[in-house]
1. Is it the case, given these coordinates, that Gln13 is open to solvent by 70 Å² or more (accessible area, probe 1.4 Å), at pLDDT below 95 and among the polar types (S, T, N, Q)?
2. If you go through the stretch 87-98 one residue at a time, how many are exposed (fewer than 15 other Cβ atoms within 10 Å of the Cβ) and of a type in the set (A, V, I, L, M)?
3. Kindly establish whether Ser31 is within 10 Å of the chain's Cα centre (by Cα), among the small types (Gly, Ala, Ser), over 21 Å from Gln5 (Cβ atoms) and surrounded by fewer than 16 Cβ atoms within 10 Å (Cβ to Cβ).
4. For the stretch 70-86, which positions are surrounded by 11 or more Cβ atoms within 10 Å (Cβ to Cβ) and either over 22 Å from Leu8 (Cβ atoms) or in contact with a helix residue (DSSP H, G or I) (Cβ under 6 Å, 6 or more places away or on another chain) (or both)?
5. Conditions first: (1) of a type outside the set (D, E, K, R); (2) in a loop (DSSP other than H, G, I, E, B); (3) surrounded by 11 or more Cβ atoms within 10 Å (Cβ to Cβ); (4) free of Cβ contacts under 8 Å to residues at least 24 places away in the same chain. Leu37 passes all but one, so which condition is the exception?
6. Starting from residues that are assigned to a helix (DSSP H, G or I) and β-branched (Val, Ile, Thr), keep the ones in the stretch 64-87 and report whichever is farthest from Leu41 (Cα to Cα).
7. Can you pull out the residues in the stretch 40-63 that are open to solvent by less than 30 Å² (accessible area, probe 1.4 Å) and in a loop (DSSP other than H, G, I, E, B)?
Amino acid sequence: MSHFQPLLDLLLQEGFHLPASTTGGKPLAYSFTPYSLNNRLSFRFEHLDDFIDFLETSGPALSVDEKDTLRASLLKAGLDSDSFFYVNFFEKGKEQDM
């Protein structure tokens, strides 16, 4: 079992659709922050490769362009891809509620 399994289970329990799941659900989106939002869907990742491993566990392998986009998104948020950060998951289209 992957060490990401508890996170994957929680996202499914919250009704989100994951690429690797066969069930429907709410579309999933996320944002990066240097801190936790102190809610059930805010998770710490040790570095970008850790987050990429999570994404690839829950769906298909990422392309080089997708990984570069993630790295650029972290930099835009003022975060270092080699240091820990938080990923805050939410329903796509509900960004203004964050």
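The values are calculated or read from the model by the stated rules, or taken from the named source; none is laboratory data. Remember, it's a predicted structure, so these values are computed and weren't measured experimentally. Note that each Cβ is placed from the backbone with ideal geometry, even for glycine, and that neighbours are counted across all protein chains shown. The protein model used for the area step is the full one, side chains on, heavy atoms only, and it has no ligands, DNA or RNA in it. Shrake-Rupley method; radii C 1.70, N 1.55, O 1.52, S 1.80 Å.
1. yes
2. Of the residues in that region, 1 qualify.
3. yes
4. Of all residues in the stretch 70-86, those surrounded by 11 or more Cβ atoms within 10 Å (Cβ to Cβ) come to 70-75, 77, 79-81, 83-86.
If the condition is that a residue be surrounded by 11 or more Cβ atoms within 10 Å (Cβ to Cβ) and either over 22 Å from Leu8 (Cβ atoms) or in contact with a helix residue (DSSP H, G or I) (Cβ under 6 Å, 6 or more places away or on another chain) (or both), then Arg71, Ala72, Leu75, Ala77, Leu79, Asp80, Ser81, Ser83 are the ones that fit.
5. (4)
6. Of the residues in the stretch 64-87, the ones assigned to a helix (DSSP H, G or I) are 64-76.
Next, only the ones that are β-branched (Val, Ile, Thr) stay: 64, 69.
Details: Val64: 27, Thr69: 22 Å.
Among them, the one singled out is Val64.
7. Scanning the stretch 40-63 gives Leu41, Gly59.
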